Structures are given as C-alpha cells and as structure tokens.
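Notes for the one structure printed next.
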Number of protein chains: 2
Amino acid sequence: MDKKYTIKDIAKLAGVSKGTVDRVLHKRGKVSPLALEKVNEVLKVIDYEPNLIARNLKNNKIYRICIVLPDPKIDPYWLPCLNGIDDARQEFKAYNLVIETFYFNPEKKKSFLKTNETVLGLSPDAVLLAPLFHKETVDVIEEYHSLNIIVNTFNNQVESSFVQCFVGQDLFRSGRIAAKLLDSITDKGQIAIVHIDETYKNAIHMQEKERGFRNYFEEKENSEYTITTLKLKNPNVEISFNNFLNENPDVSGIFITTSKAYQIAKIISAFKHKKIRVVGYDLVDENVSYLNQGVIDFMIHQNQKRQAYLGITSLVEYFLFHKEIPEMILLPIDIVNAENAEYYIE
Amino acid sequence: MDKKYTIKDIAKLAGVSKGTVDRVLHKRGKVSPLALEKVNEVLKVIDYEPNLIARNLKNNKIYRICIVLPDPKIDPYWLPCLNGIDDARQEFKAYNLVIETFYFNPEKKKSFLKTNETVLGLSPDAVLLAPLFHKETVDVIEEYHSLNIIVNTFNNQVESSFVQCFVGQDLFRSGRIAAKLLDSITDKGQIAIVHIDETYKNAIHMQEKERGFRNYFEEKENSEYTITTLKLKNPNVEISFNNFLNENPDVSGIFITTSKAYQIAKIISAFKHKKIRVVGYDLVDENVSYLNQGVIDFMIHQNQKRQAYLGITSLVEYFLFHKEIPEMILLPIDIVNAENAEYYIE
DNA sequence: ATAAAAAATGTGCTCGAACACATATTAAAA
DNA sequence: TTTTAATATGTGTTCGAGCACATTTTTTAT
C-alpha cells in the first residue's frame, strides 16, 4: 500500500513507454493528447514521488557554493559560522558539492570587493553572502545575478530583489526581548542603551535593536524608567562609561547592542556601589565569563552558526531536491542565562 | 582535485577489477595477498568516499519505523510531536521509508502494552518510544531487542542497555534554569515548587526538576529564600493552592514542574495582593496566554517537536547513510518570555 | 497515391555500488 | 601429467530517473 511507484510502473499502468511518462512529468512536449490524458489519469490516482536518489545519481553535476564572510580572525563574531558551514558540508558530503569559504576584511570595502571578484571568477552556482557594505553589496549582488548565480544573504538584510533568501533574526523583536528581560529584572531608574564602536557597517543593526527596545517601553504604560542612549568608541569606552556611571547614580539597567557587553561588564564589576543589570549579545568567551560571574544577567543568542547552516542547506536542497528556497528564514531569538548557556556555545 | 573517486577508478589504478576492489572494501575475502596489497596501496593514497546515493539506489529496502507515544487527544503535551514526525516524514519522503505513529492511553498500562504488541507484530526496523511506564517499558524494549528491532526513546529516560539512543533534556539542569530565572526576578521570601497531578509515570520528571531547582539555591550562598514543595491534585488544585497562598503571604515565586502552570496562573491573577513571579513549562495555549498577560514570567520549552524529529532522523540516517546513532541527544533548554514565545510555538 | 516532413513514441544507455555468477588461475590430489 | 578441487578474479545485471537517439505513426505537400 505504501509502495513507491516508479516511472516504469506509471508507464505500464498508462499503457505507454517510460519515455512518454518522462515527457509528461517534465512537460517536455511531444506527447499526443491521448497519451497525455492516459498518463495524467494514472498520476491522478497514484501518488508519484520521484526517487531523488536515482535522480541525483544520474544528474551528477558538481554544485559549487561559495560563502563570503568577514575573516573570523579579525572579528571573532563570525567564528561560529565555520561550524555551521562544516555541519552542512558534513551532512551532504555524499553528494557532489563543493562548499568553499572566502574571507574579507570587515573593515575594508576593498577587501570585500576583491573577495567577491575572486568568487565571481569561479562562477559558482550560488553564493551565501554576509553583506556588510550596503552600496557595494547591492552592486555585487547584481553582478552575481547577471551571471545567473543565486545569492542568499545572512546576518544582515539588504534590500535587493536579486536576493533569493535572507537568513537572520528580527532585530527589532530582539530589542523588544532585551527590553522585556531588563524590565523583569530591574525595578525603576535609568536604563542605558549602549552602542559600542558603531560604524556604518553595523549601524542599522544597532538602530533596529534600539528601536525595538524603546518600542517595548513606549507600549508599556506607566513605566518608571528613563532611557538614555550612549554611543561609545574604543579606546575611550572605559573612561566615558565610568564618567557616565558617576554622573548617573540611578542607572539600574544596561542594554549593550553588540557582542562587547564584556567591556561594560568589566567596568561594572569594579563599580561596587549597587547592582546594575546587564543584557547583551552573543556568547563570546568574555561574555560567558561575566555571565557566569553574575555580572551579565542575560545574553541574546544570535545563532550565527545556524544562520550559516540554513543559508547553505536551503541552497543545497534547492539544487539536489528541487526544494523551494524561502524568501526569508527568521531564526528564534534565544534567551541565555548562566544556566543554559552551555547549550548554545558552539 | 575535489574529484570523487569511484570503485572503477580504484580498480583501474590498482590494476584489478571492480569486483576485487569491492571484496577488499567489504572484507569479503577471496582476495590474493598481492591484489589486496595493490588495492590497499591505492586506498592509502586517495581518499575514497563511497557514493551513498548509488548505494541507496541499489539497496532499496523499505525501512519501517514506528513511533509509540501517548495519544495527544488525551494529553495535548504530545501534540507538537506530530509536527516533528511530519517534518521528518516530509524530509525523507523520497526514500523508501514507512514512518507510522501509534498511540496509547497514557493513563493505562494495558493500553501501552497493547500498542507495543501491535507494533511488535509489524516487525519494524526501529521503534521510537515514549517510555511512560517504567517496568513495562523495560520488558517491551527487551522484546524489541530480541527481534533485532532498534529502540530509541525520547522525552523520558529509562535505563536499559538495549536502548540505542535517548533524545531529551537534562531535567536536573532544567530545574536549575528555572531556579536561576526565579532568582533573577524575585528578591526574597518564600518560593513554592508546585507538582500538579503527580503520578508514577511523571514522578521522576518532577523530582529531577525539583532536585535541580533546590540544588541551585543550595549552591548559592546567603540566599534569602525559603523553599516549599507542594503536591497538588486535581480537582482540588484551586482550593488547596488558594489556602496555601492565604496561609503564606510571603510567597514571592512559584515554580510549576508540569505544563499546568496556567492553573496556578489563573489563581494568582485573581489574587491581587502582591506580585508573585511564576515559572513553568511548555508552550500550551493557556500558558502562552498567561505569559502574554504577564502573569507567568518565564516558560521553559521542552521542545517535544524536535525530540520526536531527532529521534526519527537519527534512525533514518543510520539506515540510509550508515551514520552512527549517538547514545544521547540532549536538546537545549530554551527560556521563553512573552516576547520570544512565538518562535517556539509549534 | 506517394514522398517528405513533422510529430509521437519507444529503446537503450548512463550514473556508482553491490552482488550473483561465470571464468580464470593456482593448488592439491590422483 | 592429468584431473579435481579450491581459490581468485572478472563480468554483467540491478536499482530509478533522465535524456539521446532510433523507430514508428501521423500529417502535410506534391
């Protein structure tokens, strides 16, 4: 009853040859109305699922997927992505896939352009892109598109109709979550939103998080907080923030919009006056350390590993199994405290 | 350079036939020392990965996997599992797999035994089991084992050497997480651990969570809490708990060890005296509703969907791709508040 | 009516691993 | 040395989809 029908079965049932069935299934034409009718009749009754194994055995084209992302040696934020890429590579190693990683220097537009130039030269079937530089990205994507190379982006969103799929998180919502967390662990007083080393390339990220954060408190009636935004730049973070704390003794909560919560945590742990609550992003070692010490209360996990993983697998499954690529994959926004952190560290 | 070698390639390189290579690779014997040497020499140099697609095309055995779990109509806790099962079914629908679901009445041992009897009669290749009744489970697993049927368990752990893999969460740790959460949102006072409708079949679950919960506060120095355990049974939950609240005005936090936090939330939302913090389990509709109302503060997500999914996929990948089945798959323990709940509801 | 062109249909090979079976080689027995 | 047994090696088929090519049928033109 659960028997899998083959093209041969259909051919026999319809009284035609497998070639005809094949033509009907693939709408290749050259089929008489009568034969078409007969085959469709059979297809209506049975539930035909092509055997993907056989299909892939035949179609042994080598698909090449290139991943373009910032060098994790320069910005360790991207390090978990490598594990996600490895996972995907491992999972599909039986297939004819070449999955290659290409780094660029996240501080240099030129490096970004050059890396993409290299990738373009390889004419891969698809590219998974971490689009840091807005204008350059749009141009690059257009180039890929003109060569019929599919482009997925991850981590950062960029509005281009040539992007097949974006994998990432809803940053606005992520800001709201941070707000809710701080709200639940502090009473009243001043809350500081801290942007560290804001640059053109991550500004949108931070602003979106801030928007969500403020939105939460705006929606909440009779909220007893005042909210201040601070933009700090290394190497002056320590001095500036210390000054801020001294000038604002009523600070009860801090929301850091980047991976650099540990810088603030360091200052706070020295600042013994009162308990200040901290919420930040990303499970980099330093953050986890302060999380375990109780200086940071909650972290929000951006799940870069899974972003990279899903960015690749959606492409692979499209090539191999003809699965549709979704327009957007929004990952859950994981809340992490000292007790469940180990599950998310990767 | 990334070329995939085939058996034919090896044969040519070694100067033997593909039959001989096959015998060497599968250690089927009937190979002369000389030929063995020649083939091994080649294998040492190149990196041969058998093409799993071709292998599976040939070995087109139909694998049958049965999932045995409580009827979700009786206990909706199990409802998300169906989605996980469907996901797995969908993902592998191209392969020769029969994935069938069998329900039993979670309140009746007899039903459990009967369902397993039915499954045994089908002699599947593997079974994914939700082992509610301890003794009976051990016996059933032994029966499966004697028929060479692989058994994975999920949700509940049962110590039997015949279980290939357990998929679930670390309940002790989950208790600790709940403790940490309550600790971070309450100051001092009394904390109540509430077990609702504790029965033999879920007692271990609850106790393990309680152990973890208490362990957290034991480790913490100068904790200003007193912790009380309450065992409530329907239909007396409302009366008993109301009495408890009235007799203990210093209650500041509640940890409910089952999916029934909504019952407690209902009572609390009527009890206006002071803010009491609540942490519970599972994203059933009623709980989510109280989470959104702000009566429940945090939920812990047990991820039944993914438990079922991974329980199946580990089996499928073993059969299809000869992947090793891990002894244990521990899922992350997700912390959920009103803002990120939507991502986990399934 | 017949040839030529067009359309429809069927056949056969490929992909790589696995294994049955046929053939070749070597070793042991007569 | 020849026969027989044992062992080693090679060949060919299978799985299902896909596609090139061969063959058949139908249509159009002469």
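Matching residues to (1) surrounded by 14 or more Cβ atoms within 10 Å (Cβ to Cβ); (2) of a type outside the set (Phe, Trp, Tyr):
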position	(1), (2)
A:Ala203	no, yes
A:Asn234	no, yes
A:Phe241	yes, no
A:Thr258	yes, yes
A:Lys274	no, yes
A:Arg277	yes, yes
Among the numbered criteria (1) within 28 Å of A:Met299 (Cα to Cα); (2) touching a residue at least 24 places away in the same chain (Cβ under 8 Å); (3) away from chain A (no Cβ under 14 Å); (4) surrounded by fewer than 24 Cβ atoms within 10 Å (Cβ to Cβ), which single criterion is violated by B:Asn287? (4)
Just wondering, is there one or more residues in the range B:96-118 that are within 14 Å of chain A (Cβ to nearest Cβ) and outside any strand (DSSP E or B)? yes
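Can A:Pro70 be described as touching a residue at least 60 places away in the same chain (Cβ under 8 Å) and away from chain B (no Cβ under 14 Å)? Show your work before the answer.
Details: touching a residue at least 60 places away in the same chain (Cβ under 8 Å): yes; away from chain B (no Cβ under 14 Å): yes.
Judged against the criteria, A:Pro70 is a match.
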For the range B:310-321, how many residues are within 12 Å of another protein chain (Cβ to nearest Cβ) and in contact with a strand residue (DSSP E or B) (Cβ under 7 Å, 6 or more places away or on another chain)? 0
Pick from the range A:1-60 the residues that are among the small types (Gly, Ala, Ser) and farther than 24 Å from B:Ile99 by Cβ: which of them is farthest from the other protein chains (Cβ to nearest Cβ)? A:Ser32
Examine the range B:138-157 for a residue that is among the polar types (S, T, N, Q), in the same structural domain as B:Glu324 (by TED's automatic domain parsing), under 21 Å from the mean Cα position of the chain (by Cα) and surrounded by fewer than 22 Cβ atoms within 10 Å (Cβ to Cβ), and state whether such a residue exists. yes
I need the full set of residues from the range B:292-309 which are more than 10 Å from chain A (Cβ to nearest Cβ) and out of contact with any Phe, Trp or Tyr (no Cβ under 8 Å at 6 or more places or on another chain), in order please. B:Asn292, B:Gln293, B:Val295, B:Lys305, B:Arg306, B:Tyr309
Restricting the range A:7-50 to residues that are in contact with a Lys or Arg (Cβ under 7 Å, 6 or more places away or on another chain) and closer than 19 Å to B:Tyr95 by Cα, the residue that is farthest from DNA strand C (Cβ to nearest atom): A:Glu49
Restricting to strands (runs of 3 or more DSSP E) lying wholly in the range B:200-317: which have 2 or more residues that are at negative phi and in contact with an Asp or Glu (Cβ under 6 Å, 6 or more places away or on another chain)? B:277-281
Can you find even one residue in the range B:305-324 that is of a type outside the set (Phe, Trp, Tyr) and closer than 21 Å to B:Lys180 by Cα? no
Which condition number in (1) modelled with pLDDT of 95 or more; (2) of a type in the set (Ser, Thr, Tyr); (3) more than 22 Å from B:Asn337 (Cβ to Cβ) is the one that A:Tyr200 fails? (1)
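Just need a number here: residues in the range A:12-33 that are more than 9 Å from DNA strand D (Cβ to nearest atom) and either within 22 Å of B:Asn60 (Cβ to Cβ) or surrounded by fewer than 12 Cβ atoms within 10 Å (Cβ to Cβ) (or both).
Step one: list which residues in the range A:12-33 are more than 9 Å from DNA strand D (Cβ to nearest atom), which gives A:12-16, A:20, A:24, A:27, A:29, A:31, A:33.
Those still in the list that are either within 22 Å of B:Asn60 (Cβ to Cβ) or surrounded by fewer than 12 Cβ atoms within 10 Å (Cβ to Cβ) (or both) too: A:12-13, A:15, A:27, A:29, A:33.
So the count comes out to 6.
Okay, residues lined up against (1) of a type in the set (A, V, I, L, M); (2) within 15 Å of B:Leu181 (Cβ to Cβ):
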{"residue": "B:Asn248", "(1), (2)": "no, no"}
{"residue": "B:Ser252", "(1), (2)": "no, yes"}
{"residue": "B:Ser259", "(1), (2)": "no, no"}
{"residue": "B:Phe271", "(1), (2)": "no, no"}
{"residue": "B:Arg277", "(1), (2)": "no, yes"}
{"residue": "B:Leu283", "(1), (2)": "yes, no"}
In the range A:79-92, is there at least one residue being touching a Leu at 6+ places or on another chain (Cβ under 7 Å), within 16 Å of DNA strand C (Cβ to nearest atom) and either within 14 Å of chain B (Cβ to nearest Cβ) or open to solvent by 40 Å² or more (accessible area, probe 1.4 Å) (or both)? no
Read through the list (1) open to solvent by less than 70 Å² (accessible area, probe 1.4 Å); (2) not assigned by TED's automatic domain parsing to the domain that holds B:Asp87, then give the number of the only condition that B:Ala270 fails. (1)
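Would it be correct to say that A:Glu327 is more than 8 Å from chain B (Cβ to nearest Cβ) and more than 20 Å from B:Phe298 (Cα to Cα)? Don't jump to the end; show me each part of the working.
On the way: more than 8 Å from chain B (Cβ to nearest Cβ): yes; more than 20 Å from B:Phe298 (Cα to Cα): yes.
Taking the combined requirement at face value, the residue satisfies it.
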Looking for something surrounded by 15 or more Cβ atoms within 10 Å (Cβ to Cβ), more than 14 Å from chain B (Cβ to nearest Cβ) and in contact with a helix residue (DSSP H, G or I) (Cβ under 9 Å, 6 or more places away or on another chain) - is there at least one such residue anywhere in the range A:171-179? no
Kindly indicate which of A:Val24, A:Val31 is outside any loop (DSSP other than H, G, I, E, B) and in contact with a helix residue (DSSP H, G or I) (Cβ under 7 Å, 6 or more places away or on another chain). A:Val24
Quick check: anything in the range A:38-58 surrounded by 15 or more Cβ atoms within 10 Å (Cβ to Cβ) and more than 16 Å from DNA strand D (Cβ to nearest atom)? no
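Restrict the check to the range A:116-124 and report whether at least one residue is closer than 21 Å to A:Glu324 by Cα and in contact (Cβ under 8 Å) with a residue 40 or more places away in the chain.
Checked the range A:116-124: at least one residue is closer than 21 Å to A:Glu324 by Cα and in contact (Cβ under 8 Å) with a residue 40 or more places away in the chain.
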Residues satisfying the stated conditions in the range A:74-97, i.e. within 18 Å of A:Ile345 (Cα to Cα) and charged (D, E, K, R): A:Asp75, A:Asp86, A:Asp87
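The values are calculated or read from the model by the stated rules, or taken from the named source; none is laboratory data. Worth saying up front: this structure is predicted, and the values here are computed from it rather than measured. Note that we place each Cβ from the backbone using ideal geometry, even for glycine, and neighbour counts take in every protein chain shown. The area values use the complete protein model at the heavy-atom level, side chains included, leaving out ligands, DNA and RNA. Shrake-Rupley method; radii C 1.70, N 1.55, O 1.52, S 1.80 Å.
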